Amino acid sequence: MRKIKLTREEQAIEDSLEEFVPVGRDEYEQIVQAIAARKKNAVLNVRVNSNDLKNIKHKAHKLGIRYQTFISEILHKVAQA
């Protein structure tokens, strides 16, 4: 079998994987519902101040996430409040 060379990021993901842990039917349903609730199924186009976007991108970079994901999380928190 040929060995596949993984990138550093792929190797980190593989190293962080834990062994499979079976869950009960109720817990499985909770997981399915949580995933479905977080599914992004709408597109939003919005104009923002370029300095605000620069600051958002900087904060997202410091957190190690994409700025679109960061904006989505901010909107989610505001919508749930």
**Request:** Starting from region 53-81, take each residue that is under 21 Å from ARG38 (Cβ atoms) and list its partners that are surrounded by 12 or more Cβ atoms within 10 Å (Cβ to Cβ) and of a type outside the set (A, V, I, L, M, F, W, C), counting only C-beta distances under 6 angstrom and pairs at least six apart or across chains.
**Result:** ILE56/TYR67; ALA60/TYR67; TYR67/LYS57
**Message:** Given the criteria modelled with pLDDT of 90 or more and loosely packed, with under 10 Cβ neighbours inside 10 Å, does VAL46 qualify?
**Reply:** yes
**Prompt:** So which residues in region 1-36 are in a loop (DSSP other than H, G, I, E, B) and within 19 Å of the chain's Cα centre (by Cα)?
**Reply:** LEU17, GLU18
**Message:** Take ILE71 and tell me if it is among the hydrophobic types (A, V, I, L, M, F, W, C), under 16 Å from the mean Cα position of the chain (by Cα) and in a loop (DSSP other than H, G, I, E, B).
**Reply:** no
**Fill in**
Here the residues within region 11-48 that are among the small types (Gly, Ala, Ser) and more than 18 Å from ALA79 (Cβ to Cβ) are ALA12, SER16, GLY24
**Message:** Can you confirm whether GLN11 is of a type in the set (S, T, N, Q) and within 24 Å of GLN80 (Cβ to Cβ)?
**Reply:** no
**Request:** Those residues that are under 16 Å from the mean Cα position of the chain (by Cα) and in a loop (DSSP other than H, G, I, E, B), I need them from region 43-68; list them, please.
**Result:** GLY64, ILE65, ARG66
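The values are calculated or read from the model by the stated rules, or taken from the named source; none is laboratory data. Because the structure is predicted, anything quoted here is derived from the model rather than measured. Neighbour counts are summed over all protein chains in view; Cβ atoms, including those assigned to glycine, are modelled from backbone coordinates with ideal geometry.
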